[in-house]
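Colleague: This is the structure I want to talk about, given as structure tokens.
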Amino acid sequence: MDPYSLVTRNTVEIVTDEELRALLQKPVRRVYAGYEPSGEIHLGHLVTINKLMDLQKAGFEVTVLLADLHAFLNHKGTLDEVRETAEYNRRCFEALGLKDAKFVLGTDLQLNPEYELLVLQLSQEVTVNRAHRSMDEVGRGMDHPAVSQMVYPIMQMADIALLGVDAAVGGIDQRKIHMLAREYLPGMGYASPVCIHTPIINGLDGKKMSSSAGNLISVADTEEDIRTKMKKAFCPPGIEENPVLQVLQHHIFPRFETVVMHRPAKFGGDLEFSSYAEVEAAYGAGKIHPLDLKTMAADYLAEVLAGVHDAVV
């Protein structure tokens, strides 16, 4: 695939497309994504990890911010707890295939005078209302937010500036924070980042993915766990909001050139697909049974996660 197609596939928004095309003409281009260390790495994280791998293939230098201080401000644990989780997350990312990325611990970047001054300067410009609204999708307990949670998006803006990146990757829930960065960083002498937004995929029950709901697959799951969960997954006849199809689109086809559905001869025999679009079309036309779709997804997902499970669990 050409660099532009690699960057834009499986995204919901590029801000802006024109700026991305111009960036792709530069000999050196840098991108980052930040992750709060807050528990097991699961399929929700893997959407952006896969996108970072696409960006590496497209010639970007990738930085991963292990945002321990952000996690602390967002009530995800003590600093010692989130730092320990950050190191575990780094090992997971590398085992999942994100090789040769630069990993930066949040506290190594953020607890220095230049950074703190930029945060204070930005805090003079951003209203409390804007900061609150930007956290609606990512913060905990935002009905009664702490002051620390108002600092959170301003720090994320400073992360983009002082990491020296050209682009930022995140789920679409990060959009409001990214738009703050685009609006206010130029006034501080920094360029507006190109923003690459990925979708928020459903949990296996078709509802919002949540650790507390138990509707996700994580790197800690065994192959047996993966197969059991996929077999129980919600898989409606349609293609919209179908979590099994989402697994194939965002986690399987970015990693495999062809995917084979194994079926007994009496049920039509094996099928081979060279693109997600072929699977979607066949399933939408009723040519694939939901159980066969689930089994195929489980086969390949178990392969994707096997290496990380063996390396870090």
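The values are calculated or read from the model by the stated rules, or taken from the named source; none is laboratory data. These numbers were taken from a predicted model, which means no experiment stands behind them. All Cβ positions, glycine included, derive from the backbone under ideal geometry; neighbour counts span all protein chains shown. Quick note on the areas: whole protein, heavy atoms, side chains included, nothing else; ligands and nucleic acids left out. Shrake-Rupley method; radii C 1.70, N 1.55, O 1.52, S 1.80 Å.
Colleague: Rounded to a whole number, what % of the accessible area of the chain do carbon and sulfur atoms account for, probe 1.4 Å? Working shown, then result.
Modeller: Values: 7380 of 14430 Å².
For the chain, the apolar C and S fraction of the accessible surface comes to 51 percent.
Colleague: With unit charges on the beta carbon (Lys/Arg positive, Asp/Glu negative), name the residue among ALA86, HIS197, ALA282 whose Cα is farthest towards the positive pole of the charge dipole of the chain.
Modeller: So the residue we want is ALA282.
Colleague: Just from its helices, what would the mean residue ellipticity at 222 nm be for the chain, if runs of 4 or more DSSP H residues each count -39500 (n - 2.57) and the sum is divided by every residue, rounded to the nearest 500 deg cm²/dmol? Before the final figure, lay out each step's value.
Modeller: Values: 14 runs with 150 residues, N = 313.
Rounded to the nearest 500, it is -14500 deg cm²/dmol.
Colleague: Whole percent per 5 Å bin, from 0 to the bin with the longest distance: what is P(r) over all C-alpha pairs of segment 14-65?
Modeller: In order of increasing distance, the bins hold 5, 16, 25, 25, 15, 8, 5, 1 percent.
Colleague: Another one. With a ≥ b ≥ c taken as the square roots of the eigenvalues of the C-alpha gyration tensor of segment 129-218, please select rounded if a/c is under 1.5 and otherwise prolate if a/b is larger than b/c or oblate if it is not? Walk me through the numbers before you get to the answer.
Modeller: Working: a/c = 2.76, a/b = 1.58, b/c = 1.75.
Oblate, because a/c is 1.5 or more while a/b does not exceed b/c.
Colleague: As a quick test, which of the pairs LYS266/LYS294; LYS176/LYS229; LYS99/LYS176 have an alpha carbon distance above 27 angstrom in this structure?
Modeller: Numbers: LYS266/LYS294 19 Å; LYS176/LYS229 33 Å; LYS99/LYS176 29 Å.
Result: LYS176/LYS229; LYS99/LYS176 exceed 27 Å.
Colleague: Something else now. Pick out, from MET135, GLY106, LEU118, the residue whose Cα sits farthest towards the positive end of the charge dipole of segment 64-154, with +1 on the Cβ of Lys and Arg and -1 on the Cβ of Asp and Glu.
Modeller: MET135
Colleague: Counting other C-beta atoms within 10 Å, and keeping those with at most 11, which DSSP coil GluC sites (Glu not before Pro) do you find in segment 211-259?
Modeller: Values: sites: GLU223, GLU224, GLU240, GLU241, GLU257; in loops: GLU240, GLU241, GLU257.
Loop-located and lightly packed - GLU240, GLU257.
Colleague: Sort out the exposed loop trypsin sites (Lys or Arg not before Pro) in the chain (DSSP loop, at most 12 other Cβ within 10 Å) and tell me the longest stretch that has none. Display every interim value, and only then the final one.
Modeller: Values: sites that count: LYS99, ARG140, LYS287.
By the stated rule (loop sites, at most 12 other Cβ atoms within 10 Å), 141-286.
Colleague: Further question on the same structure: Where a ≥ b ≥ c are the square roots of the eigenvalues of the C-alpha gyration tensor, would you call segment 36-114 rounded, which needs a/c under 1.5, or, failing that, prolate if a/b is larger than b/c, or oblate?
Modeller: Numbers: a/c = 2.31, a/b = 1.43, b/c = 1.62.
It comes out oblate by the Cα gyration axes.
Colleague: Let me ask something else about it. At a Cα cut-off below 18 Å, give the aspartates and glutamates reachable from LYS287, other chains included and same-chain residues fewer than 8 away excluded.
Modeller: The reachable aspartates and glutamates, counting only those whose Cα sits under 18 Å from LYS287, are GLU240, ASP270, GLU272, GLU278.
Colleague: How large is Rg over Rh for the chain, taking Rg from the Cα atoms and Rh as the Kirkwood inverse mean of 1/r across Cα pairs? Kindly include the intermediate steps, with their values, before the conclusion.
Modeller: Numbers: Rg = 20.2 Å, Rh = 20.5 Å.
Using Cα coordinates only, the ratio equals 0.98.
Colleague: Suppose every K and R has +1 on its Cβ and every D and E has -1 on its Cβ; what is the size of the dipole of the chain about the Cα centre, in Debye to the nearest 20?
Modeller: Working: 30 positive and 43 negative charges, 89 e Å.
The calculation lands at about 420 debye.
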